[in-house]
1. For residues that are in a helix (DSSP H, G or I) and in contact with a strand residue (DSSP E or B) (Cβ under 6 Å, 6 or more places away or on another chain), tally how many sit in the range 23-48.
2. Looking only at the range 21-41, filter to residues that are of a type in the set (D, E, K, R) and exposed (fewer than 10 other Cβ atoms within 10 Å of the Cβ); which one of those is modelled with the highest pLDDT?
3. Mind checking which pairs have a first residue in the range 16-44 that is under 18 Å from Lys78 (Cβ atoms) and a second that is among the β-branched types (Val, Ile, Thr) and open to solvent by 100 Å² or more (accessible area, probe 1.4 Å), Cβ under 8 Å, 6 or more apart or different chains?
4. Consider Gly67 against the criteria (1) at pLDDT below 85; (2) under 20 Å from Glu14 (Cβ atoms); (3) among the small types (Gly, Ala, Ser); (4) surrounded by 10 or more Cβ atoms within 10 Å (Cβ to Cβ): it satisfies all of them except one. Which criterion is unmet?
Amino acid sequence: MGGLVIELSTVIQELRTELSTAITNGAGEELRFELGPIELEVSVAITKEGGGGAKVRFWVVDADAHGKVAGATTQRIKLQLEPKLAATGSRPEVSGHAVSGER
């Protein structure tokens, strides 16, 4: 596949890592934010691997590669994630410092 592509599961894992860091950094802060629903909208290339155990894979593609990924169908999908803490089932609270270029 051409352009920048990454597996959807990796994108979600990286999001989980960033949120875990924000939760850890927020511990002990006076001002904290309850983390609500997260909407994640991405362009994905959908491929199917052949063989007896055929598997469909979702690859997140950057805007420049959208529609140019050889041998794959590209679609835009929107996921709504509801973050919960495993230990309590409650919504996490986060805090952190702004990073340059962050929105």
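1. 2
2. In this case the residue turns out to be Glu39.
3. Listed by first residue and then by second, the contacts come to nothing, as the list is empty.
4. (2)
The values are calculated or read from the model by the stated rules, or taken from the named source; none is laboratory data. In this text the structure is predicted, and so the values were computed from the model without any measurement. So basically every Cβ, Gly included, is an ideal-geometry build from the backbone, and we count neighbours across all protein chains shown. Heavy atoms of the whole protein, side chains included, go into the accessibility calculation; ligands, DNA and RNA do not. Shrake-Rupley method; radii C 1.70, N 1.55, O 1.52, S 1.80 Å.
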